[in-house]
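Shown next, in structure tokens, is the structure this report addresses.
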Amino acid sequence: MSLPRLSLPSQTELHAARGRTVPARDPATLLSSTRVLLKRGEVVEVERELQNRQEEFQQRMQRLAQRRQQLARREQQHRDAVIRFDAFLKAVAARREWAQRRAGEERARAAAEGAEAARLQRELAGLLWHRERLARRLRSLRPFGDYLRDVLARMGQFQDVPAMLGHFGVLAGVRAALAREAEAGQERLAQGRARLQRYRQETRTELLGTKDELARLHTRLEAARQDVLQWESCWTHIQSTATQKTLLLAQIKLAVLNLFQLTTAQLRIPTDRAQEDTKAQLDTV
């Protein structure tokens, strides 16, 4: 694990810190800058020791790598010798195996030729049977050929029977395509009807929910109106009561002021109280 990189002091600062005469004090009373310089010096020593050990470790690793290379070269030499000997043994075994395989191939070739002759005889018999079967089928289909040629002669529209069959094949393909398209249209129509039914059902459900929500909002509106009327009546009553209390307070202040003036006039007390300080006037009375 690498040490954290610190901002180390210069050599001049270290010599100045070491050569400076410091009076004997308690370590707790040392200046923070002096402690930092001492710690940095320790870090420098530790990093120098770590660098030396890393160099020794790299030298050992280099010597170990050289030893491994020598061992690898010797192992490769032994491996090459073993490979050459194995190649010699394989060559001898390959010659023996080739001779045995050559003899086996000759025997297998003779057997294969006999089997191939038998297979060809069976295939020939099968082909003769298939030719006879096709001939019988051709004789059975000859009336259909005569019928198609008769139709071709009566229509007078096509050059030969294959052209007529191709035309009717195209018509059959078009009819099948139209049938598939009609079936797909019916399926799309059914899907559209299903989507329309779902849309109607969803719309009906949303409409019912909207009506319920509208009814709830109308009820809340009526309740809010009743609350507004009630709070307006309450506010009017509060304003009327406040007005009455304000008038009563003004009458009380006026009465206290009159009493204060009568009292100070009879007792000849200096009236240094403010005209609005009703509490002080009551205290004086």
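The values are calculated or read from the model by the stated rules, or taken from the named source; none is laboratory data. Because the structure is a prediction, the values reported are computed rather than measured. Here the Cβ positions follow ideal geometry from the backbone for every residue, glycine too, while neighbour counts run over all protein chains shown. Accessible surface areas use protein heavy atoms only, side chains included; no ligands, DNA or RNA. Shrake-Rupley method; radii C 1.70, N 1.55, O 1.52, S 1.80 Å.
Tabulated data for the structure shown
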| item | result |
| --- | --- |
| HN-Hα J in Hz across region 131-137 - Karplus 6.51, -1.76, 1.60, θ = phi - 60°, x for Gly and Pro | 5, 4, 5, 5, 5, 5, 5 |
| Note, ³J(HN,Hα) from phi for region 69-84, Karplus 6.51, -1.76, 1.60, rounded to Hz, x at Gly and Pro | 5, 4, 5, 5, 5, 5, 5, 5, 4, 4, 5, 5, 5, 5, 5, 5 |
| Gain in span if fully extended, Arg107 to Thr34, counting 0.36 nm per residue against the direct Cα distance | 16.0 nm |
| Solvent-accessible area of Tyr147 with every protein chain in place, 1.4 Å probe, in Å² to the nearest 10 | 140 Å² |
| Per-residue SASA entry for Glu123, accessible area with 1.4 Å probe, Å² rounded to 10 | 90 Å² |
| Förster radius 35 Å - calculated FRET efficiency between Trp98 and His78, Cβ distance, rounded to 0.05 | 0.70 |
| Table column - 3J(HN,Hα) (Hz), region 100-109, Karplus curve with 6.51, -1.76, 1.60, x for Gly and Pro | 5, 5, 5, 5, x, 5, 4, 5, 5, 5 |
